[in-house]
1. Is there any pair linking a residue in segment 244-260 that is touching a residue at least 60 places away in the same chain (Cβ under 8 Å) to one that is of a type in the set (A, V, I, L, M) and in a loop (DSSP other than H, G, I, E, B), with Cβ under 6 Å and at least six apart or on different chains, and which?
2. Restricting to helices (runs of 4 or more DSSP H) lying wholly in segment 187-251: which have 2 or more residues that are of a type in the set (K, R)?
3. Based on this model, can you work out whether Y229 counts as surrounded by 19 or more Cβ atoms within 10 Å (Cβ to Cβ), among the hydroxyl-bearing types (S, T, Y) and out of contact with any Lys or Arg (no Cβ under 7 Å at 6 or more places or on another chain)?
4. Restricting attention to segment 36-71, which residues are under 15 Å from R126 (Cβ atoms), in a loop (DSSP other than H, G, I, E, B), modelled with pLDDT under 85 and not hydrophobic (A, V, I, L, M, F, W, C)?
5. Being among the aromatic types (F, W, Y), farther than 27 Å from I142 by Cα, at pLDDT 95 or above and within 14 Å of the chain's Cα centre (by Cα) narrows it down to one of F244, F231, so name that one.
6. Condition (residue is in contact (Cβ under 8 Å) with a residue 24 or more places away in the chain, surrounded by fewer than 16 Cβ atoms within 10 Å (Cβ to Cβ) and among the small types (G, A, S)) applied to segment 136-153: is it met by at least one residue?
7. Just to be sure before I move on: is K86 modelled with pLDDT under 70 and surrounded by 14 or more Cβ atoms within 10 Å (Cβ to Cβ) in the structure I sent?
8. Could you tell me which numbered condition E268 fails, if it satisfies all but one of (1) in a loop (DSSP other than H, G, I, E, B); (2) more than 25 Å from G41 (Cβ to Cβ)?
Amino acid sequence: MIDDDNVIFGHSVFYVLYKGEDKMSKKLGMKKKRIIFMRHGSSSLSNNNGYGKLSYDEFTKLLSHDVNPPLSNSNGHFDPAAFVRKIAYYIIVPSHKIKIYNKLYRYKIKKVPPKPDIIYHSTSRRAIQTANLINEFYKYQIKIDNSLKDHLSEVIFSEDIITEETYKKKGGLLGCRNILIEKWFNDENQAESFSDSLKRLAELDRILRQNKFENILLITHGWYLRLIYLFYERKIIKDRKKTFEHLKKAPKLKYGKTLKYDIDIEGEPLNEWNSYVNQILQYYSSSTKQESILSEINE
């Protein structure tokens, strides 16, 4: 479920939003636990358009994990409304809070999730730094753990998955998005196939359901969050065309945005969920060569 309340800096409500996030909004029963997946803050390779204006060299290195950019201040044109909001919170926010609020704002983290019991993060610097910022907001009271770093890493793409000619012809990453999605989904990405990504997500889900913590925050990445959304919304089905369409339409979460789920950890609901996961794993682990989904749709 997309956290639609994850919006921010609405004039004087800024401090109210932050101040009210010390505790979970409700206590969960023993049969469920809450997991929140969060996209990291803005990175040094991004701008107001995300990664939309990368050079081809930057694009290939980012996709193949040859670079590991840290968080970086957001930039762009002057925004009068944002300027007014910033003045407003300087007036109403206690001075000792301003430093961390400024950091969050600069990295486009516009709302801090409810206080978790533990934070897990991926292998990337920007995810680790985001986890540390959240912990700083909560006065370093949260355990940060890197034991799930590989399960939360961004999808890795082959460096040559898109040619330079195609990249320039399509106008950059935004124009190549559906091509990347198709090749990933059709297991044409040699670095990490869709079925590989699904397997590690299913393993992550199993670990989380057995985890002793009740409220868990996980810092991860944009491509992987598309799969996470499909997985927990049960939009991965035994129909490749429909699943592909779901993947193309999956939300593109902005920096700091979250997906929130209350998951079953015992009883018949858990058994039913495990049955669903086993079915889709079996279906998408087939080694049979799949035809291009986009080609089928365009015929």
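1. G256/I109; K260/M1
2. Fully inside segment 187-251 and qualifying: 194-210, 240-249.
3. Values: surrounded by 19 or more Cβ atoms within 10 Å (Cβ to Cβ): yes; among the hydroxyl-bearing types (S, T, Y): yes; out of contact with any Lys or Arg (no Cβ under 7 Å at 6 or more places or on another chain): yes.
Spelling it out, Y229 is indeed surrounded by 19 or more Cβ atoms within 10 Å (Cβ to Cβ), among the hydroxyl-bearing types (S, T, Y) and out of contact with any Lys or Arg (no Cβ under 7 Å at 6 or more places or on another chain).
4. S44, S46, Y51, listed by residue number.
5. Details: F244 fails: within 14 Å of the chain's Cα centre (by Cα).
The conditions single out F231.
6. yes
7. Values: modelled with pLDDT under 70: yes; surrounded by 14 or more Cβ atoms within 10 Å (Cβ to Cβ): yes.
Here the answer is yes, as K86 does meet what is asked.
8. Checking E268 against (1) in a loop (DSSP other than H, G, I, E, B); (2) more than 25 Å from G41 (Cβ to Cβ), the one that fails is (1).
The values are calculated or read from the model by the stated rules, or taken from the named source; none is laboratory data. Remember, predicted model here, so these are calculated numbers, not experimental data. Neighbour counts run over all protein chains shown; Cβ positions are idealised from the backbone, glycine included.
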